[in-house]
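The values are calculated or read from the model by the stated rules, or taken from the named source; none is laboratory data. Here the structure is a predicted model, which is why all the values come from computation and not from measurement. Using ideal geometry, Cβ is built from the backbone for each residue, glycine included, and neighbour counts are taken over all protein chains shown.
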Amino acid sequence: MKISGLGKLVAYVLLVTLSATFVGSCSSDSKVEFKRQGTAGTEQVSAAATAQISGRKAPGFALLDVAGKSVNFSQYDGKVVLVDFWATWCPPCRRSIPDLSELHGKYNDRGFEVVGISLDQAGADKVARFTEQMKIPYTVVMGTVQVATDWNIGSAIPIAFLVDRKGEIVDRFVGYQDKLVLEEKIQRFL
């Protein structure tokens, strides 16, 4: 499919706008704000978001992981999946990685998966080095503007979606989430 000059310009403007929004959302002040909100603040966001998305079929994706291997969301059919949109330069995203790694390890044998969708523009090599450094045990794929749009991630990262075994979105988490909040929600669907 050939994209016209205008189409490329529109895509570029959208990408720049999304990038600027993500950078603004994950400023150094974000870490302080997420810490100040605590569990109660994040549960309120989650409850409001759940009311809007409950029962919505997950839009899925077909993306490349950091090694260049194709990953299709359909390979997680029948599992409980936490789809986490993040970036290496985002402090709250980085803060949540050890918790997500621990939850993945703890519940993986019960049919739970974490899939990280990196929104980094620096490329898969940088993200691959980061995943090795952080010892991320779950699948990390390189996101696209289309996937971010399909999942309706809005203007802040990290943002994660909990998908049940039927492939329906059952919860959405905006910003850093306390591990215990995530764990309680995950356990409900295992």
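Quick look at the numbers
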item	result
Residue within the stretch 157-166 that is assigned to a helix (DSSP H, G or I) and under 14 Å from the mean Cα position of the chain (by Cα) present	no
Selection status of SER96, farther than 24 Å from SER70 by Cβ and touching a Pro at 6+ places or on another chain (Cβ under 8 Å)	yes
Residue tally, condition surrounded by fewer than 21 Cβ atoms within 10 Å (Cβ to Cβ) and either under 17 Å from PHE85 (Cβ atoms) or charged (D, E, K, R) (or both), over the stretch 152-169	8
Only one of GLY123, GLY111, GLY143, GLY55 that is among the small types (Gly, Ala, Ser) and under 16 Å from the mean Cα position of the chain (by Cα)	GLY143
Every residue from the stretch 106-125 that is more than 13 Å from LEU63 (Cβ to Cβ), small (Gly, Ala, Ser) and at pLDDT 95 or above	GLY111
Filter pass, VAL147 being in a helix (DSSP H, G or I), touching a Ser or Thr at 6+ places or on another chain (Cβ under 7 Å) and buried (at least 19 other Cβ atoms within 10 Å of the Cβ)	no
Qualifying residue in the stretch 137-149 (condition: more than 22 Å from LYS57 (Cβ to Cβ), in contact (Cβ under 8 Å) with a residue 40 or more places away in the chain and among the hydroxyl-bearing types (Ser, Thr, Tyr))	no
Residue count, the stretch 113-135 (criterion: farther than 18 Å from PRO158 by Cβ and in contact (Cβ under 8 Å) with a residue 60 or more places away in the chain)	2
Flag if PRO137 is in contact with a Pro (Cβ under 8 Å, 6 or more places away or on another chain) and closer than 15 Å to VAL115 by Cα	no
Criterion: of a type in the set (Asp, Glu) and at pLDDT below 95 - qualifying residue of ASP29, ASP65	ASP29
Top-ranked residue of the stretch 107-127 - restricted to ones that are hydrophobic (A, V, I, L, M, F, W, C) and not in a strand (DSSP E or B), ranked as farthest from ARG188 (Cα to Cα)	ALA122
Residues that are touching a residue at least 40 places away in the same chain (Cβ under 8 Å) and under 18 Å from SER74 (Cα atoms), drawn from the stretch 150-188	ASP150, TRP151, ALA160, PHE161, LEU162, VAL163, ASP164, ARG165, GLY167, GLU168, ILE169, VAL170
